[in-house]
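Single-structure report; data block below.
Each reported figure results from applying straightforward, stated rules to the coordinates on display, with no laboratory input. Note that the coordinates shown come from a computational prediction; the quantities given were computed from them, not determined experimentally. Every residue, glycine among them, receives a Cβ derived from its backbone with ideal geometry; neighbour counts consider all protein chains shown.
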Amino acid sequence: MASCALISETEQWKDLKLQVEEINKTHLRDLMNDSDRCKAMMLEFDGLLLDYSRQRATIDTIEKLIKLAEAASLKQKINRMYNGEHINSTEDRSVLHVALRAPRDATIHSDGKNVVPEVWKVLDKIQEFTEKIRSGSWVGATGKQLTNVVAIGIGGSFLGPLFVHTALQTDSEAAKSAKGRQLRFLANVDPIDVARNLTGLDPSTTLVVVVSKTFTTAETMLNARTMKAWIIAALGPDAVTKHMVAVSTNLALVEKFGIDPNNAFGFWDWVGGRYSVCSAVGVLPLSLQYGFPVVEKFLKGAASIDNHFYSTPLEKNIPVLLGLLSVWNVTFLGYPARAILPYSQALEKFAPHIQQVSMESNGKGVSIDGIPLSYEAGEIDFGEPGTNGQHSFYQLIHQGRVIPCDFIGIVKSQQPVYLKDEVVSNHDELMSNFFAQPDALAYGKTAEQLQKENVAPHLIPHKTFTGNRPSLSLLLPSLNAYNIGQLLAIYEHRVAVQGFVWGINSFDQWGVELGKSLASQVRNQLHKSRTAGEPVEGFNSSTTYLLSKYLEASSD
Ligand code: F6P
């Protein structure tokens with residue numbers, strides 16, 4: 001394929017278009033009858049089991065998707081990523097989050113330099129620092145141990161660490177080492193978030209970690225100033241050195257803000273914000289809470305998937321298959337959304353994290369060469385843990401819109417069951433739903449079946465389920481730090497695969513800039529109006545009216 005042409009120009013693309021007609025002739029009910037097909041659509045790796053037999057795809061479809069991947073030079077693009085080439089071309093950067101979890105003796109280059117020693121230098125510094133805090137050899141200004149941590153950050157500097165923290169909270173090993181400690185996240189610039197974070201918090205036992213790749217993000221900097229003022233008000237200006245540390249790529253701004261550069265933990269421009277949970281962004285707050293060994297286990301889980309993704313042929317490669325199936329669902333079958341449905345309460349923050357990873361990465365309208373796409377790319381992600389979601393939005397998934405679903409199940413629960421005499425445990429109950437839902441979606445229920453059940457004729461249309469609704473099931477052996485790392489890396493790489501095939505740049509995010517600059521114009525107006533009583537001007541009539549009303553009502 002010529003480098004500037006869209007992937008939709010290829011024969012392989014056209015071939016897949018024809019596949020849609022074939023697939024539309026079959027129902028998942030029939031596809032599921034073919035046990036050879038079902039067996040061929042199971043993959044096992046490092047304790048994980050992926051079953052994608054409930055996708056609206058035949059073996060032929062998968063082969064054609066692999067051919068599309070080849071036409072898109074997927075393997076070459078993966079190699080270019082691992083080789084540190086500047087595949088984020090609009091920002092002229094490498095994309096090397098895999099280096100963040102590489103073993104100490106690995107070699108990964110960016111701009112001719114092996115970055116792994118730098119990664120480990122920061123990891124070693126984190127380990128040393130967090131051990132000091134956790135052991136009490138580093139204390140606060142009044143001599144008290146710092147048992148509470150508030151991590152300030154937003155977007156990628158928040159969602160990943162929040163997901164991992166929430167997932168680890170009920171893991172027995174992690175919970176044991178977190179005993180007596182608290183980790184909170186302050187993300188929103190909304191004063192409500194500040195108030196909620198400060199409730200019950202004692203400045204003398206609190207360490208604030210300011211997390212910002214750029215150290216310029218308006219919300220984070222305002223929250224950082226707020227927390228700094230809170231510390232100074234309680235403990236005096238000298239306390240900042242003991243109570244505030246930072247994670248950033250912009251160490252000059254960290255120092256300018258008033259945080260001792262010795263207490264700053266760096267990372268690099270080749271780590272995208274939404275891919276930064278394995279850098280100091282996540283590793284520092286999580287190590288403060290759970291200890292470095294637990295977090296190292298998480299990094300190892302992610303590294304296991306990194307190796308698998310790099311070295312496994314496309315047709316046996318979990319992130320590759322998942323990415324290709326998403327391309328198939330979004331672009332060829334025309335399903336714009338995807339539901340992420342973990343059957344584990346510990347994964348309640350997984351979907352919010354993947355929303356950013358996926359939607360900020362692949363929510364693009366032009367190819368990497370700037371050509372408007374002639375097809376839909378990107379997908380709308382949402383989700384909730386099962387079974388809660390079943391009592392919320394599953395109605396739409398079963399009888400309304402078709403939304404491909406990712407069911408994520410765990411074999412061994414993080415927690416023991418409470419009612420020990422019950423043969424079918426709470427976890428079995430949860431997992432019964434995990435196993436049942438995909439079949440309900442795939443098979444549905446026909447009018448004939450309902451007639452046999454003597455359902456009243458007027459209710460038959462309401463009780464009919466069309467079925468033929470795709471899903472996939474991912475079964476994890478347990479949910480410890482290692483498995484959480486695996487899960488993270490699978491989804492990160494899946495998103496990259498989608499972007500590589502769609503031919504877009506999954507690693508920039510220009511779409512967030514316009515709103516930011518308009519907000520800055522509004523901020524200036526509010527400042528002028530409040531300080532000098534200047535009237536609102538330079539906006540359209542709607543915004544002028546709204547702003548004037550806001551100023552009038554809020555100045556009482
Ligand atoms: O506004 C979007 C964004 O740039 C994300 O990509 C990023 O994760 C987030 O803001 C926070 O940025 P920073 O870490 O630089 O504060």
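Brief remarks follow.
- Amide H contacts under 5 Å for Ala151, placed H, 5+ residues apart: Arg184, Phe185, Leu186, Val209
- Spacing of the two label points (7 Å from each Cα toward its C-beta) at Asn188 and Ala519, in nm: 1.3 nm
- For segment 98-297, the relative contact order works out to 27 percent when only alpha carbon pairs closer than 8 Å and six or more residues apart are counted.
- Under the Karplus curve 6.51 cos²θ - 1.76 cosθ + 1.60, θ = phi - 60°, whole-Hz ³J(HN,Hα) for segment 239-251, x wherever Gly or Pro sits: 6, 4, 4, 7, 10, 10, 10, 9, 10, 6, 8, 10, 5
- Alpha carbon centroid spacing (whole Å) that separates segment 217-261 from segment 95-113: 30 Å
- Among the chymotrypsin sites (Phe, Trp or Tyr not before Pro) in segment 457-555, those placed in a DSSP loop whose Cβ has at most 16 other Cβ atoms within 10 Å are Phe539.
- For segment 79-215, the fraction of alpha-carbon pairs in successive 10 Å shells from zero, as %: 10, 29, 34, 19, 7, 0
- Residues of segment 335-375 with an amide N closer than 11 Å to a point placed 7 Å from the Cα of Val20 along the Cα-to-Cβ direction: 335, 375.
- Helical contribution to [θ] at 222 nm, DSSP H n ≥ 4, -39,500 (n - 2.57), averaged over the chain, rounded to 500: -14000 deg cm²/dmol
- Segment Asp46-Val423, length gained on full extension (0.36 nm per residue, minus Cα span): 132.8 nm
- Long-range HN-HN contacts of Phe539 with modeled amide H, under 5 Å: none
- For Lys549, the lysines whose Cα falls under 21 Å of its own Cα, not counting residues fewer than eight places away in the same chain, are Lys528.
- Spatially proximal aspartates and glutamates relative to Lys516 (Cα-Cα < 14 Å; intrachain offsets below 8 disregarded): Glu219
- Directionally averaged projected area (the chain, Cα convex hull): 31.1 nm².
- Within the shell of other residues whose beta carbon sits under 9 angstrom from the beta carbon of Asn480, the net charge comes to -1, with Lys and Arg scored +1 and Asp and Glu -1.
- Restricting attention to the chain, close to 30% of DSSP beta bridges with both partner residues there are antiparallel.
- In plain terms, the residue of Val95, Val283, Val512 with the fewest other Cβ atoms within 10 Å comes first and the most crowded comes last, giving Val512, Val95, Val283.
- Relative contact order [Cα under 8 Å, 6+ residues apart], the chain, whole percent: 19 percent
- With the convex hull drawn over the C-alpha atoms of segment 98-297, the volume per residue is 110 Å³.
- Net charge of Cβ neighbours under 14 Å - reference Leu123; Lys, Arg +1; Asp, Glu -1: 0
- Cut-off of 10 Å, at most 15 other beta carbons, DSSP loop: longest stretch of the chain lacking such trypsin sites (Lys or Arg not before Pro): 180-400
- Residues His86 and Glu537, FRET efficiency given R0 of 41 Å [Cβ-Cβ distance, rounded to 0.05]: 0.45
- Using the Stokes-Einstein relation with a Kirkwood hydrodynamic radius computed over Cα pairs, the translational diffusion coefficient of segment 23-123 at 37 °C and a viscosity of 0.692 mPa s comes to 194 µm²/s.
- Over segment 332-396: Kirkwood hydrodynamic radius from C-alpha pairwise inverse distances, Å: 13.3 Å
- Using the Cα coordinates of segment 285-364, the gyration tensor eigenvalues translate into equivalent-ellipsoid semi-axes of 27, 19, 11 Å, sorted from longest to shortest.
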